[in-house]
Amino acid sequence: MRRRSLYLLLAAALALAVFAAGEVWRGDREVSAPPPGERALPGLADKLATLDFMRLRRGDVTVNFRQSEHGWVVVEKGGYPADQTRLRQLLLQLAELQLVEPKTDRPELLSRLDLDDPANGNSTLVTIGDRNGTAAGQIIIGRARPSDIEGGQAGVYVRKPDSEQAWLARGSFELGGDALSWLDRRILDIAPGRVASVVLTMPDGNSVTLARGSADLPLAIDGLPADAKPKPDEALAAPAGALEALDLADVKPASEQPLSETGVTTAAFTTFDGLVVGLRLSSPEKEDWLAIDVTGYGKGEAAAQALSTRLSPWRFAIPPERARLLRTTLSDLLLPHGS
């Protein structure tokens, strides 16, 4: 008898679970399917040129974006430029998001679609405004449903903040990450082949200069002591690669991260096409923060002005391996005595 009762209880629990799952996936029978092509954010496509503000909120992460005269910036990072390509793609995806069919409208089931309160950290609340201060759209984005719509298209669950009605929509998003992940991370990209000379000066005043007369020659130590033997060309060329595809690890306005003019490592990179990139690198005890000042001559003058305008107002945290290249000393480039 006890065994039969146990089986009955298990069957009832299974039936209840199946019923709950069905309520999530099939939706509210009283809600009609949307007309073909209906947008989740109607009219947003016509407002893209006038948008001024966007906010992403998920759990304890909030990222605010504003339009500046040079494009979108991240408010939490002092107004540093956002990744324009990623942000524009997100706005286009939001404008094109199409409702496919209604799902559950029961609050207790929304978490199964990652559509519960964004404060819980599973869904993302997206808020958009235009330059007149008018709300242009707001939507909660939940769990993705890849390649599960006709034609193998990706889907995603969404709902409006003022409604508990969930929808399956046609579209996909990449909304993860904090404010740092939305930045334009590239600081500089100067290929080693462009570098004519590098001067590295340590906080104690000792310096080393690597130079060459043309791009087809290897870099050599300037003023090499007569009894010293340099390491192979590959080792001497390594510091010249410090600015190739250099990405930031963090960024702050110069006023918030001051760097002394003394007691720091400095570097000067001169290129064959007329750029002179001056760097000041903080001591390792203060992490690896970099100040950049770019000047130019000849053909490089215009490019230098543009780089200086973009970089000089900021201080950049850089990866440790790049900082080590900038702290290269003469002894690092020489073979041991007797080699």
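The values are calculated or read from the model by the stated rules, or taken from the named source; none is laboratory data. A quick note: this is a predicted structure, and the numbers were derived from the prediction, not measured. Here the Cβ positions follow ideal geometry from the backbone for every residue, glycine too, while neighbour counts run over all protein chains shown.
Below is a table of values for the structure above.
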| item | result |
| --- | --- |
| Pairs, first of a type in the set (Lys, Arg) in the range 236-258, second modelled with pLDDT of 95 or more and not in a loop (DSSP other than H, G, I, E, B), C-beta under 6 Å, six or more apart | Lys252/Arg315 |
| Top-ranked residue of the range 92-113 - restricted to ones that are of a type in the set (A, V, I, L, M, F, W, C) and surrounded by 17 or more Cβ atoms within 10 Å (Cβ to Cβ), ranked as nearest to Glu38 (Cα to Cα) | Leu99 |
| Residue count, the range 129-147 (criterion: under 15 Å from Arg170 (Cβ atoms) and at pLDDT 85 or above) | 6 |
| All strands (runs of 3 or more DSSP E) inside the range 42-110 with 2 or more residues being in contact with a helix residue (DSSP H, G or I) (Cβ under 7 Å, 6 or more places away or on another chain) | 51-58, 61-68, 71-74 |
| Filtered residues of the range 264-317 (kept if closer than 17 Å to Ala242 by Cβ, touching a Gly at 6+ places or on another chain (Cβ under 9 Å) and of a type in the set (D, E, K, R)) | Asp293 |
| Subset of the range 223-245 that is at pLDDT below 95 and closer than 20 Å to Ala268 by Cα - its residue that is surrounded by the fewest Cβ atoms within 10 Å (Cβ to Cβ) | Gly223 |
| Residue in the range 176-190 that is under 20 Å from Lys47 (Cβ atoms), touching a residue at least 60 places away in the same chain (Cβ under 8 Å) and not assigned by TED's automatic domain parsing to the domain that holds Asp247 present | no |
| Test: residue in the range 261-273 that is loosely packed, with under 12 Cβ neighbours inside 10 Å, in contact with a strand residue (DSSP E or B) (Cβ under 9 Å, 6 or more places away or on another chain) and assigned by TED's automatic domain parsing to the domain that holds Thr201 | yes |
| Breaking point among (1) in a strand (DSSP E or B); (2) within 13 Å of Glu101 (Cβ to Cβ), for Ile139 | (2) |
| Filtered residues of the range 69-80 (kept if under 18 Å from the mean Cα position of the chain (by Cα) and either surrounded by fewer than 18 Cβ atoms within 10 Å (Cβ to Cβ) or among the small types (Gly, Ala, Ser) (or both)) | His70, Gly71, Val75, Glu76, Gly78, Gly79 |
